[in-house]
1. List every residue whose amide H lies under 5 Å from the amide H of K86, counting only residues 5 or more places away in sequence or on a different chain, with H placed 1.01 Å from N in the peptide plane.
2. Using the Karplus equation 6.51 cos²θ - 1.76 cosθ + 1.60 (θ = phi - 60°), what ³J(HN,Hα) coupling, rounded to whole Hz, does each residue of segment 69-76 give in order, writing x for Gly and Pro?
3. When only C-alpha pairs under 8 Å and at least 6 residues apart count, what is the relative contact order of the chain, in percent?
4. Accessible area per residue for the chain in Å², computed with a 1.4 Å probe and the full protein assembly in place, what is it?
5. Rounded to whole Hz and in sequence order, give me ³J(HN,Hα) for segment 81-91 from the Karplus expression 6.51 cos²θ - 1.76 cosθ + 1.60, θ = phi - 60°, writing x for Gly and Pro.
6. Round to a whole number: what % of the accessible area of segment 1-81 belongs to carbon and sulfur, probe 1.4 Å?
7. Can you list the HN-Hα couplings for segment 18-35, worked out from phi with the Karplus curve (6.51, -1.76, 1.60; θ = phi - 60°), rounded to whole Hz and with x for Gly and Pro?
8. Filter the chymotrypsin sites (Phe, Trp or Tyr not before Pro) in segment 44-104 down to the DSSP loop ones having no more than 14 other Cβ atoms within 10 Å, then list what survives.
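The values are calculated or read from the model by the stated rules, or taken from the named source; none is laboratory data. On a predicted model such as this, the values are computed, not experimentally measured, just so you know. Cβ placement follows ideal geometry from the backbone for every residue including glycine, while neighbour counts extend to all protein chains displayed. When the accessible area is computed, the model is the full protein with side chains, heavy atoms only, and any ligands, DNA or RNA have been set aside. Shrake-Rupley method; radii C 1.70, N 1.55, O 1.52, S 1.80 Å.
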Amino acid sequence: QVQLVESGGGLVQAGGSLRLSCAASGTSVSRGAIGWYRQAPGQQRELVARFSSGGTTTYADSVKGRFTISKDNAKNTVALQMNSLKPEDTAVYYCRASDYGRWFWGQGTQVTVSS
């Protein structure tokens, strides 16, 4: 059973930083694609940053230069370092991973950026 558990969300002022973490079990973060998505109220869920199965990183244009995705194969975790946060980054952030062709989501963690 694949499980993804996000942590690290919270309330931060604009310009501040947060670091999200996704702990995976039942799968390996070194295998398959894995990444971060977000959903703001009334908006569709969108890609923030991800690793492809080949290890290539992709970032949404809106976060390039501010967010960095990384993974720790030994700890089986994926992190999202978010700097220079803006109010428009406010959303629920989800971890998503593939495992032998199936996709799994975490429960999400709330990030709120105040102006």
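1. Close amide H contacts, sequence-distant or interchain: G15.
2. My calculation for segment 69-76 gives 9, 8, 9, 10, 5, 5, 8, 6 Hz in order.
3. Details: 285 pairs, mean separation 42.3, N = 115.
Rounded, it is 37 percent for the chain.
4. Working: 5990 Å² over 115 residues.
For the chain, the per-residue accessible area is 52 Å².
5. Going residue by residue, I get 8, 10, 10, 6, 5, 10, x, 6, 7, 4, 4 Hz, with x marking Gly and Pro.
6. Values: 1910 of 4250 Å².
With neighbouring chains kept in place, the figure for segment 1-81 is 45 percent.
7. Rounded to whole hertz, the list is 9, 10, 8, 10, 10, 9, 9, 9, x, 7, 10, 5, 7, 10, x, 7, 8, x.
8. Details: sites: F51, Y59, F67, Y93, Y94, Y100, W103, F104; in loops: Y100.
When the chymotrypsin sites (Phe, Trp or Tyr not before Pro) of segment 44-104 are filtered for loop state and at most 14 Cβ neighbours within 10 Å, Y100 remain.
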